[in-house]
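Each value in this text was obtained by applying a stated rule to the coordinates, not by laboratory testing. Treat the numbers as computed from the prediction; the structure is a model and nothing was measured. Cβ sites come from the backbone with ideal geometry, for glycine too, and all protein chains shown count toward neighbours.
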Amino acid sequence: MFCQGCHTPNGMGGESVPRINGFIGNFLTFPEGREFLVRVPGSAYSPLSNKELAEVLNWMVINFGGDSIPKDFKNYTENEIGALRLKPLNEIDNYRKELLSIIGL
């Protein structure tokens, strides 16, 4: 399954799936949030190569991030993706709640 399978093609998510549209950039304001986007099961276990996943995540941030993208955003790299995929998250709900509290939501 790819990102749009849960988050929908327009990035607005659903009842139990958070939106990424206009929001995804908030995760990029601190290291754990940036890592989270790679370590979630849909990313970490994706059949995409590390390079392809970096390209997809960068595309998602640029196309869905809007005003939430930090001014100092740096693109994900193939090496960064490779390292983070070695630490996948399998239980994300509580961890995401912790990250959202850091963001202030």
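Values for this structure:
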{"read-out": "All-pairs Cα distance distribution in the stretch 29-69, expressed in whole percent, bin size 10 Å", "value": "28, 57, 15, 0"}
{"read-out": "Loop chymotrypsin sites (Phe, Trp or Tyr not before Pro), the stretch 22-59 (other Cβ atoms within 10 Å of the site Cβ: 12 or fewer; DSSP)", "value": "Tyr45"}
{"read-out": "Helix-only [θ]222 nm of the chain, DSSP H runs n ≥ 4, -39500 (n - 2.57) each, per residue, nearest 500", "value": "-13500 deg cm²/dmol"}
{"read-out": "Fewest-first ranking of Ser49, Ser68, Ser16, using other Cβ atoms within 10 Å as the exposure measure", "value": "Ser16, Ser49, Ser68"}
{"read-out": "Contour minus Cα-Cα distance for Arg19 and Leu100 (0.36 nm per residue)", "value": "27.9 nm"}
{"read-out": "Two-decimal log10 I(q)/I(0) for the chain, as the Debye equation yields it once each C-alpha is a single scatterer, q = 0.20 Å⁻¹", "value": "-1.10"}
{"read-out": "Separation of the Asn79 and Glu32 label points, Cα + 7 Å toward Cβ, nm", "value": "2.6"}
{"read-out": "Range in the chain, longest, excluding exposed GluC sites (Glu not before Pro) [loop by DSSP; at most 11 other beta-carbon atoms within 10 Å]", "value": "16-90"}
{"read-out": "Relative contact order [Cα under 8 Å, 6+ residues apart], the stretch 21-105, whole percent", "value": "43"}
{"read-out": "Cβ-Cβ FRET estimate between Lys87 and Asn58, R0 fixed at 22 Å, reported to 0.05", "value": "0.65"}
{"read-out": "Footprinting exposure proxy for Tyr76, Tyr95 (fewest neighbouring C-beta atoms within 10 Å first)", "value": "Tyr95, Tyr76"}
